[in-house]
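Participant: Before I ask anything, here is the structure I am working with.
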Amino acid sequence: MKTIFKRWINFILEYPKWIIGCTAIITIGMIVSASQLKMNFSIEELFALNDPDVEKYFNFLEEFEREDNLILLMYECDDPFSYTNLKNNKNLIEKFESIKGVSEVTGLSNLEIFTDGEDELLRSVYPYIPLSTDSLLDAKKRIKSSEFVQETLISRDEKLASIAIELDPSFNNHDMREKIIKEIDYHQNSVNWSWHQSGIPVLRTRYVQLMVTDTIRFLIPVAIMIIILFTVVFRSWLALLVPMSIIIMVVIWTIGLMVMLNIDFNIMTYIIPTLLFIIGIGDSVHFLVKYFGTLSEVKDKKKALFQTIEKIGTAIFLTSITTSIGFASLIRSNIDIVRQFGIMTAAGVMFAFILTVTYLPAMIMLFKQTPITKLKSYTLGFRINILKGFIKIVRSYPKPIIIFTFFFAIFSMIGASKINSHNSLMDDLKPGTKLYDDIMIAEERMGAILPLEIIVSINNDNSNEINDIRDPIFLQHLDKLQKYISSIDDIGKMISMVDHIKEFNRAMNDGNNTFYSIPNSRSAITQTILIYGEKFNALTNFDYSKARITGRVKDIDSKRASEIKTDIYDYVENNMPHYMKVEITGTTFLALATNDYLVSDLTTSFVAAFILITLVMIILFKSVPITLISVIPNTIPMLAMAAIMGYFDIILRPPTAMTFAVAFGIAVDDTIHYLTRYRMELSTLKWDYRLANDRTIMTTGLALITTTGILVTGFLILVFSSFTPTADFGLLAALTILIALVCDLTFLPALLGLVKPKINKNE
């Protein structure tokens, strides 16, 4: 095996142009493939496979109109009911109705309500906009009498009004929504009102726009950061351009492979380019540090490259494997896009390894040898002084280091116990973001804004002769259930077929509020539905076996969502007849449940990654004691990250849960590099454990500090993301990797020095 490895190294160094040519051909092919990348930001992609709640939701979509296709355009003006503002409202509605993909627009100026004393009970409040004050006041009074209007088209304080825009379901994908919202933005800005947008289509579209913007925004500063750090550290154009070209190719290859595997750019995979830019550079750093150090000793480029690949190639391979395992562990997820993220990021890491040990040395062979005098960086002395400080600390205080680490671990475990895993949908956005502020205004002024769906059906084992939902007895129970749900804290207005029936009955009886009730006659109910069927289409299924209570809920967290579901089901169990079956669904509760599912899934993936990486370490070092010693320093950073989350109230959500697996895979890299070098030094120094630690810290430590600096800086850039999860991911990853470095340069050598594990000389 060693002979084959050496022959491969010789091939790379003897035929660098072949290596570069093959790399170029592959890259061109991947560019062609990557150019066909598709975007798919459907929220349904996040739903778990074979989940009963997901199946329930899709069944709901088959029988009822979607609950996620309504845009609420809110506006503040001096008086929404004034002649001028009603005219503006009417003109805007006409413009919105002309937008392709908009199926219906409702505002104050075109509202139809049940009105008593007329031949046609359902009629427009404003067939025309009246000029007289009395007529305007009369229309306003009639509007306010309708329960459908309050906290939908007008706020309770009557200072905030809205225009409801319903999208055609066939146009409810990202690209089409984006075009529609762009046109809406254009038209709304023609009227000088203070505008706020809400609704699931807006939330989804703006969310995706922010994600894409984040990706573009962070790639540039990350690239600039890498350029600056490489320039400062290596002071060589060779050491700058080649690693940068490697990272660019890694991203291109990964995206190209995504297209080949029919994987879209989605809610999870969008961050892969930025992530690979940050973590993919580490291999090049370790390679170049070793190469430049060897070159300064042997003074021969080819010989230095051979020794570098031979000595560090295996370590880079193993670190790439462990990092890949961290990502690949996500393949256990029951959610497709999470698996896709894990697989593609793992592939990107391995691409970085392949290019580092082939393309990088091949390019060095073609370049003019870098003068030895330029190999010393501006920061070399600074970094060496830091390493000398670590050596001094480890030599002087090995036992205190271990004791301190032990108590730090206990402190971290206490913090970890305080982690909160319940987050709301809006927790993903930072206050001050336009989208966040608009949603909060909607919730404060218009009540709840996120969809909530309750489906009430009749069981087949009906023994009470209730044939369908048009029965007065059924509707009375439905009315009670609706009122109870509306009374629950955090739930806003709920609407069902009962509201239309009661308004119609009141209108039929000259507006007498006494008749705002459900008729006792099934025939009267059937007649109402027959005459005004369009009002009921969205609230009943085709055969009248199911009724829909639709409404809105506040931006609650998953814990509160679970409590609400329990409250409703308990009420049904204790107060509803046995033939009434109730199901709770809708994107809000499903998204919150999916979030909890993801957290559990990703936590399990971390455990799997931990076990797999430990097994890799056992195979690598062929020693259980050494493996245990290597694992412990990497457990501490994970505990520290959990403690930071617990003490600083950083919510455990999918991105932060994913950080554990990712950060562990990256952190282990430092340990592998350290122990690989440590074994070599032990053999060279005739098993002088203390001196082996010193030499390892001074040699490998140089590369570890450099790579950690790049990784930490790169991840910290993500802190400026508009998305709280991305910002948290960047912060936690940066701190964890930094703590991992400190552990590897203090706790690990201290532990090795005290335990002095037996290491086979032939290893």
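None of the figures in this text is laboratory data; all of them are computed from the coordinates on show. A quick note: this is a predicted structure, and the numbers were derived from the prediction, not measured. FYI the Cβ positions are ideal-geometry reconstructions off the backbone, even for glycines, and counts take in every protein chain you see.
Participant: Give me the log10 of I(q) over I(0) for the range 252-401 at q = 0.11 Å⁻¹, as the Debye formula computes it from C-alpha points; what are the numbers?
Facilitator: The computed values of log10 I(q)/I(0) come out as -0.60.
Participant: Let me ask something else. If you rank V32, V668 by fewest surrounding Cβ atoms within 10 Å, what's the result?
Facilitator: V32, V668
Participant: Okay, next question. Over the range 188-324, what is the mean sequence separation of C-alpha contacts under 8 Å (at least six apart), divided by residue count, expressed as relative contact order in percent? All intermediate terms of the calculation are to be shown ahead of the outcome.
Facilitator: Values: 56 pairs, mean separation 30.1, N = 137.
It rounds to 22 percent for the range 188-324.
Participant: If I take every Cα pair under 8 Å that is 6 or more residues apart in the range 434-585, average their sequence separation and divide by the length, what percent do I get for the relative contact order?
Facilitator: Numbers: 200 pairs, mean separation 62.1, N = 152.
For the range 434-585, the relative contact order is 41 percent.
Participant: Helix-only mean residue ellipticity at 222 nm, the chain, DSSP H runs n ≥ 4 weighted -39,500 (n - 2.57), per residue, nearest 500. What is it? Don't skip to the answer; put the middle values down first.
Facilitator: Working: 27 runs with 486 residues, N = 763.
-21500 deg cm²/dmol, from helical runs alone.
Participant: While we're looking at this one, here's another question. How big is the Cα convex hull of the range 67-205 in projection, averaged over all directions, in nm²?
Facilitator: That works out to 8.6 nm².
Participant: Calculate the tail of P(r) for the chain: the fraction of all Cα-Cα distances greater than 50 Å, expressed in %. Write out the running numbers ahead of the final one.
Facilitator: Numbers: 90993 of 290703 pairs.
More than 50 Å apart: 31 percent of the Cα pairs in the chain.
Participant: Just add up the charged neighbours of A304: K/R +1, D/E -1, any other residue whose Cβ is under 12 Å from the Cβ of A304.
Facilitator: Summing Lys/Arg as +1 and Asp/Glu as -1 gives +3.
Participant: While we're on this one: For the pair E62 and D168, what calculated FRET efficiency results from E = 1/(1 + (r/R0)^6), where r is the Cβ-Cβ distance and R0 = 25 Å, to the nearest 0.05?
Facilitator: Values: r = 17 Å, r/R0 = 0.69.
Once the sixth-power term is evaluated, E becomes 0.90.
Participant: Take every Cα pair under 8 Å in the chain that's 6+ residues apart, average their separations, divide by the length, and report that relative contact order as a whole percent.
Facilitator: Working: 1143 pairs, mean separation 140.7, N = 763.
Relative contact order comes out at 18 percent.
Participant: Count charges around D596 for me, please; just the other residues with Cβ under 15 Å from its Cβ, Lys/Arg as +1, Asp/Glu as -1. Don't skip to the answer; put the middle values down first.
Facilitator: Numbers: positive: K559, R560, K565, R653; negative: D51, D53, D427, D428, D557, E563, D601.
Result for the local shell: -3.
Participant: Within 12 Å, Cβ to Cβ, of G101, how many net charges do the neighbouring residues add up to if Lys/Arg are +1 and Asp/Glu are -1?
Facilitator: Value of the local net charge: -3.
Participant: Quick one: which residues, 5 or more positions from R552 or on another chain, have an amide H under 5 Å from its amide H? H modelled 1.01 Å from N in the peptide plane, none for Pro or chain starts.
Facilitator: L452, G492, K493
Participant: Oh, and also: Cα convex hull of the range 434-585: mean projected area in nm², to one decimal? Show your work: numbers first, answer last.
Facilitator: Details: hull surface 41.8 nm².
Averaged projected hull area, Cα only: 10.4 nm².
Participant: Something else now. Starting from the 7 Å offset along Cα-to-Cβ, what nm value, one decimal, do you get for the label separation of T84 and L615?
Facilitator: 7.4 nm
Participant: In the range 689-763, which trypsin sites (Lys or Arg not before Pro) fall in coil by DSSP and have 15 or fewer other Cβ atoms within 10 Å? If you can, show how the numbers build up before the last one.
Facilitator: Values: sites: R690, R695, K758, K761; in loops: K758, K761.
Within the range 689-763, the qualifying trypsin sites (Lys or Arg not before Pro) (loop, at most 15 other Cβ atoms within 10 Å) are K758, K761.
Participant: Then there's this: How much length is gained on full extension from R690 to W18, taking 0.36 nm per residue of separation minus their Cα-Cα distance? Present the calculation step by step, with values, prior to reporting the outcome.
Facilitator: Working: separation 672, 0.36 × 672 = 241.92 nm, distance 4.51 nm.
Result: 237.4 nm gained on full extension.
Participant: Follow-up question, since we're still on this one. Which trypsin sites (Lys or Arg not before Pro) from the range 30-70 combine a DSSP loop assignment with at most 12 other Cβ atoms within 10 Å? Mind dumping the intermediate values first?
Facilitator: Details: sites: K38, K56, R66; in loops: K38, R66.
Here the trypsin sites (Lys or Arg not before Pro) that fit, given the DSSP loop and packing criteria, are K38.
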